[in-house]
Each structure stands twice: as C-alpha cells, then as structure tokens.
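Scroll down for the structure; my scribbles are underneath it.
The values are calculated or read from the model by the stated rules, or taken from the named source; none is laboratory data. No experiment lies behind these values; they were computed from the predicted model shown. Cβ placement follows ideal geometry from the backbone for every residue including glycine, while neighbour counts extend to all protein chains displayed.
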Amino acid sequence: MRTFVKATALLIIVLVIGGCTPQKRKLDLPNIMLTTDNLIPHPLEVTATNGSFPLDNYTAIITSDDEDLKDIGLFLSEKITAATDLHVPVNPSEATEIESIISIQLKGDFDTDNPEAYSLEIRKDTIYLYGASAAGAFRGIQTILQLIPMESNNDLANYSIWTIPTGTIADAPQFEYRSAMLDVARHFFTVEEVKKYIDVLSYYKMNNFHLHLTDDQGWRIEIKSWPKLTEIGSKSEVGGGEGGFYTQDEYTDIVKYAARRYINIVPEIDMPGHTNAASLSYPILNGNGKELAPYEGIEVGFSTFDCRKDTVYSFIDDVIGELAALTPGAYIHIGGDESHTTSKSDFNYFINRVSKIVEKHGKQMIGWDEVVHAEVVENSVVQYWNKKENAQEGVKKGMKVILSPATKAYLDMKYDTESKHGLSWAAYIPVETGYNWSPETFAEIPQESILGIEAPLWSETISNFDELAYLAFPRVIGYAELGWTTEENRNWDNYKIRLANQAPYLKREDVKYYPTKEIDWKK
Ligand code: TNX
C-alpha cells in the first residue's frame, strides 16, 4: 500500500513536471544489453531487457520526502557531474524540461531483511531504485554510477547522451561487515588522503573503515584529557618523518564524510603492546621497565603497558570515553596483537578489564585474534589475522569473526618479488591469490559466525596516497567483492574482465593502481 501511494505521488510529480514540457523529443535510443561487465561487486540477480535509458540534460533525480534519500540524490547528482559534466537536478521545484527520471525510494517488501538490499528497475524513461533502507539506496546508486558508460553517445541527438542499458537488478550483500583498514600510525596520512580512500571504497560498496590510530611509532588522535599523547607521542613515524595526528574536529570530519557514504569508522587504540608512543608521552603507563625513546623502526612486540597498575585503566577509561563520544558506530577496536613482552596472565587480565571499559562506554569490542584467550564481554568480535585456531576459539565463546587472514587479505604484502613497496612475511599476494579464495570456508567456522571481511593496510613501507594506492589497488576491490558477492557469483576469469574495466574509473579518480600483468587493463 505504502509503495502504491509513493508510486502514485511520483507519477503525479512526473505528470506535473512532464506537463510543463512543450514537446516530447523523439529519440531513437539504441538497444543495449545489460551485463555485469562493469559491475563490482557482482550483484545477486541481473535481467536484461535490451533497451536504453538516456542520461542527459533532460534527466532529473526525484526522491521521496526523506532527508537521507534527498542527500543520496544529491550525492548521485554530484557524482554524475564528476563523471559526465551533466547537472542533474534533484527534486526540482521549477518547471524544468524533464524527460527521464531517476527515482529513489524506500521499499518494505524485500524478501530479505537485509538493510543494504536494493533493487533497480531500469526502464526507457525511468530508473526506479528502491532501498530496504537509506544504506541500501546508497549501495544502489553505486550500481547506477557503474552502469554509466565512460563515453557519451553523440550520434543520437545534437547533445550528449549517456545510455544506460535497461533491465532489472536485485541485490544484497552476503556479509554485514565489509571493510578496509589503514594504519596511520607507522606513517601518518592526512585527512584528505583518508577521505579519498574512503570515497573510492564506497564505490565498491564497502561499509566500514578501520583506522589503526596508535602504535609504537606514533599516537594519531587528540585526547583532551591526556594532551601529551599528541604533544609528544604524535611527532614520530617510521623512517624519521614528522608524524602528525587528527584533532578531534578532524576525526569528526572524517566520521561525517564516511557517514555520508554509509561507511562506519572503526577506531583502534592498539594495546597493551604497540604502545611505545603512549608510554613515551606518559611514562607511568610503561610496563617493560626499559628506557623510552621515540621509535622509528619496524620491529614489533617490544612495548607493553603495565597491566597491573590502576592508572593504566583510568587512562584507558578516559581515552575510550572520548573516542566513544566521537564515534557514532558500534565498534571500538582495542588491538591486542603481538604483546610479546606482556605475560600471559597480565595479558588476559588486561583484555578482560578493557573489554568491560569498552562495554561501559556503550560500544562493542573488536580485538585481533590473540584476545580470544581472555574472558571478554560476550558480544565482542575477534579479527582473525594470524591463527585460525584463535578464530575458532572465539566462535566457541560466542564471538563473531572478521576475516583478515594475512596470507590472503593483507594489502601490505607485496604482489611478487618485484613489488616497489610492501612486506612479505606472510606471503606474496598477487591479485589472483587475493581474490580467489573463500572467506565462507577459509577458517572452517560456521557461516553465521562470520561478521565479514576486512583488508588491512599496514603502513611501514608507504607514506603517501600514491604508495597507498599501489598496494591497495586493485586488490582491495577484490575484497569488496568477497564481502558482498555470494560464492556462486564469483569466478576469477569473469572477475578479471570486470576488474579490467575499472581502469578508466580509477584513472579518472587519479588512483595509481598497480597495473599487474594478470589483468588485460582496458585502455
Ligand atoms: C603484523 S597484523 C601486525 C602489524 C604489522 C603487520 C605488518 C597485526 C595484528 N599486527 O603490527 O604492521 O604485521 O604486516
């Protein structure tokens, strides 16, 4: 019924606006076949109807009267301008000449309860996009954007038309958590660099972005109650650069930028190891008894908090408290990896207490896979990077799992022996190896325990956007597909074609991806 009312309202709008159009253009639009050749992630169901929808100066976007959908309409319009130079109005109130419409609405009757589900019905004069929620509608506009051809067709009229193939798409993600991580501690990345990465990830329908904010080499987030963390702890990085940090306002700016793209920020404070920069700022936190100095190397496992000191926990309470207040999302990541100089009993005691602090601030804890050895609050999540047995142990404790196996999903691993950047301790990961595996079965854990997949990018060997792009692209696009697309719809040979077709988009966005010879890149 609701849909009917909305559809009727839309029709009235169309008629009213249409009524102002003096003459109808008679366009002879070509028949084009809707394929998945340009789509990543591969959608669930696609049906072609062999016509075309003209995107041109006579197109408008019309959304139902909902602030989120209106902003999604604006976002789509901005991206269409960036791609085509067209200025497509959103909910125009004036009598503009409109002959084709992109309609964005919500719909309640999907046969899945997945909030990111969406459907597209592309007809010759209207594209109907329905989202199960605003997030679903946002994912759907990425599909529309991917269907816009790189070149306009200039033979159909005396103006440019971008022809979009007609047909239907029904789509929903397989996993609820699809993410990339960026380590801004080993080398600092500016707000603009982080935003650029997030923007491209949103094109491939990722929905979380994990910021590794602290490590031995630097503390990168302003904490007002402990100001020396940034006054002292932010001023170093690997190789002796100047480091840097985000003020709370800058962090909030990143959170909002990501939220507009329906991407949730997951902040990480890594502890009790990886804490040299914190202890350097406040030596009372230090638990390894050694003299402190800024650290510019790339060794791990030498630092630890003093896990039996109450000051350490009041410090963590303040830090998590400030961070939780700045972070609208559900998760706070507390690290927990490679605490090689923390005794086992101290480590378990520490993780247990910190998991309660995270809960007290209303958030869900995520920890690297070592944390499963401690008693943690029940809804905590384990991020599998190293030991499958740890992930399985977490499942026994009722934890959900994020899959980031280093041998498959670490973006900082070199592609091959020739790679300009990257490490190789876990593996060489060519594009095929990164794509051609099954998160569904890899860790032998039940599907219902898998929260999703994340591709971490550690930054020991990279320090600017182009270097980030070299390691992340094209591999991260494959992880976006592994998180979204079901196994039946994934196939390396088919993916190779779709990935090759991303070259013009990546070029337009100035993303200097690694042009691996595995792919016959589109010119
Ligand atoms: C392991 S993965 C680490 C990081 C390093 C990375 C380099 C993990 C939880 N810890 O501290 O940066 O290897 O690949």
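Go through (1) surrounded by fewer than 16 Cβ atoms within 10 Å (Cβ to Cβ); (2) in a loop (DSSP other than H, G, I, E, B); (3) away from the ligand (no atom under 16 Å from the Cβ) one by one and return the number of the condition Asn352 breaks.
Failing condition for Asn352: (2).
Does Ser343 fit the bill of being polar (S, T, N, Q) and out of contact with any strand residue (DSSP E or B) (no Cβ under 7 Å at 6 or more places or on another chain)? It would help to see each step written out before you state the result.
Values: polar (S, T, N, Q): yes; out of contact with any strand residue (DSSP E or B) (no Cβ under 7 Å at 6 or more places or on another chain): yes.
For Ser343, the condition - polar (S, T, N, Q) and out of contact with any strand residue (DSSP E or B) (no Cβ under 7 Å at 6 or more places or on another chain) - is met.
Kindly check whether there is at least one residue in the range 249-265 that is within 15 Å of the ligand (Cβ to nearest atom), touching a residue at least 60 places away in the same chain (Cβ under 8 Å) and touching a Phe, Trp or Tyr at 6+ places or on another chain (Cβ under 7 Å). Outline the logic, then answer.
First, the residues of the range 249-265 that are within 15 Å of the ligand (Cβ to nearest atom): none.
No, the conditions are met nowhere in the range 249-265.
Just wondering, is there one or more residues in the range 284-302 that are touching a helix residue (DSSP H, G or I) at 6+ places or on another chain (Cβ under 7 Å), within 22 Å of His210 (Cβ to Cβ), in contact (Cβ under 8 Å) with a residue 12 or more places away in the chain and buried (at least 22 other Cβ atoms within 10 Å of the Cβ)?
no
Select from the range 409-428 the residues that are closer than 18 Å to Asp337 by Cα and more than 9 Å from the ligand (Cβ to nearest atom) and write down the one among them that is surrounded by the fewest Cβ atoms within 10 Å (Cβ to Cβ).
Leu411
Within the range 442-472, how many residues turn out to be surrounded by 19 or more Cβ atoms within 10 Å (Cβ to Cβ), outside any loop (DSSP other than H, G, I, E, B), of a type outside the set (Phe, Trp, Tyr) and away from the ligand (no atom under 16 Å from the Cβ)?
Total meeting the criteria: 4.
Out of Glu378, Glu322, Glu389, report the one residue that is exposed (fewer than 15 other Cβ atoms within 10 Å of the Cβ), not basic (Lys, Arg) and not in a loop (DSSP other than H, G, I, E, B).
On the way: Glu378 fails: not in a loop (DSSP other than H, G, I, E, B); Glu322 fails: exposed (fewer than 15 other Cβ atoms within 10 Å of the Cβ).
Result of the check over Glu378, Glu322, Glu389: Glu389.
Where residues in the range 161-174 are within 22 Å of Tyr262 (Cβ to Cβ) and surrounded by 21 or more Cβ atoms within 10 Å (Cβ to Cβ), which of them is farthest from the ligand (Cβ to nearest atom)? Let's see the steps before the verdict.
Of the range 161-174, the ones within 22 Å of Tyr262 (Cβ to Cβ) are 169-174.
With surrounded by 21 or more Cβ atoms within 10 Å (Cβ to Cβ) added as a condition, the list becomes 169, 171-174.
Numbers: Ile169: 36, Asp171: 32, Ala172: 30, Pro173: 25, Gln174: 24 Å.
It comes out as Ile169.
Here are some residues: Leu145, Leu201, Leu211. Which one is surrounded by fewer than 23 Cβ atoms within 10 Å (Cβ to Cβ) and within 25 Å of the chain's Cα centre (by Cα)?
Being surrounded by fewer than 23 Cβ atoms within 10 Å (Cβ to Cβ) and within 25 Å of the chain's Cα centre (by Cα) holds for just one of Leu145, Leu201, Leu211, which is Leu145.
Just for the range 214-235: of the residues that are among the polar types (S, T, N, Q) and surrounded by fewer than 24 Cβ atoms within 10 Å (Cβ to Cβ), which one is nearest to the ligand (Cβ to nearest atom)? Spell out how you get there, then give the answer.
Of the range 214-235, the ones among the polar types (S, T, N, Q) are 214, 217, 225, 230, 234.
In the following step, the residues that additionally are surrounded by fewer than 24 Cβ atoms within 10 Å (Cβ to Cβ) were identified as 225, 230.
Details: Ser225: 26, Thr230: 21 Å.
That would be Thr230.
Does at least one position in the range 118-137 carry a residue that is aromatic (Phe, Trp, Tyr), outside any strand (DSSP E or B), out of contact with any His (no Cβ under 9 Å at 6 or more places or on another chain) and crowded, with 17+ Cβ neighbours inside 10 Å? It would help to see each step written out before you state the result.
Filtering the range 118-137 for residues aromatic (Phe, Trp, Tyr) gives 118, 128, 130.
If we keep only those that are outside any strand (DSSP E or B) as well, we get none.
So far as the range 118-137 goes, no, none of its residues is aromatic (Phe, Trp, Tyr), outside any strand (DSSP E or B), out of contact with any His (no Cβ under 9 Å at 6 or more places or on another chain) and crowded, with 17+ Cβ neighbours inside 10 Å.
Restricting attention to the range 311-332, does a residue exist that is over 23 Å from the mean Cα position of the chain (by Cα), within 16 Å of the ligand (Cβ to nearest atom), in contact (Cβ under 8 Å) with a residue 12 or more places away in the chain and farther than 19 Å from Glu222 by Cβ?
Step one: of the range 311-332, the residues over 23 Å from the mean Cα position of the chain (by Cα) are 311-319, 321-322.
Applying the additional criterion that residues be within 16 Å of the ligand (Cβ to nearest atom) yields none.
Checked the range 311-332: no residue is over 23 Å from the mean Cα position of the chain (by Cα), within 16 Å of the ligand (Cβ to nearest atom), in contact (Cβ under 8 Å) with a residue 12 or more places away in the chain and farther than 19 Å from Glu222 by Cβ.
I'm told Phe4 meets every condition in (1) surrounded by fewer than 17 Cβ atoms within 10 Å (Cβ to Cβ); (2) within 20 Å of Tyr159 (Cβ to Cβ); (3) at pLDDT below 95 except one. Can you identify the failing condition by its number?
Phe4 satisfies all of (1) surrounded by fewer than 17 Cβ atoms within 10 Å (Cβ to Cβ); (2) within 20 Å of Tyr159 (Cβ to Cβ); (3) at pLDDT below 95 except (2).
Taking the conditions exactly as written (within 22 Å of Gly478 (Cα to Cα) and more than 16 Å from the ligand (Cβ to nearest atom)), does Asp346 satisfy them or not?
Numbers: within 22 Å of Gly478 (Cα to Cα): no; more than 16 Å from the ligand (Cβ to nearest atom): yes.
No.
If only one of Leu182, Leu156, Leu106, Leu86 is surrounded by 17 or more Cβ atoms within 10 Å (Cβ to Cβ) and free of Cβ contacts under 8 Å to residues at least 60 places away in the same chain, which one is it?
Values: Leu182 fails: free of Cβ contacts under 8 Å to residues at least 60 places away in the same chain; Leu156 fails: free of Cβ contacts under 8 Å to residues at least 60 places away in the same chain; Leu86 fails: free of Cβ contacts under 8 Å to residues at least 60 places away in the same chain.
Selected residue: Leu106, the only one of Leu182, Leu156, Leu106, Leu86 that is surrounded by 17 or more Cβ atoms within 10 Å (Cβ to Cβ) and free of Cβ contacts under 8 Å to residues at least 60 places away in the same chain.
Look through Ile40, Ile80, Ile104 and report the one residue that is within 28 Å of the chain's Cα centre (by Cα), in a strand (DSSP E or B) and β-branched (Val, Ile, Thr). Walk me through it before giving the result.
Working: Ile40 fails: in a strand (DSSP E or B); Ile80 fails: in a strand (DSSP E or B).
One residue alone meets the criteria, Ile104.
Inside the range 190-213, can you point out the residues that are touching a Lys or Arg at 6+ places or on another chain (Cβ under 9 Å) and within 16 Å of the ligand (Cβ to nearest atom)?
Leu211, His212, Leu213
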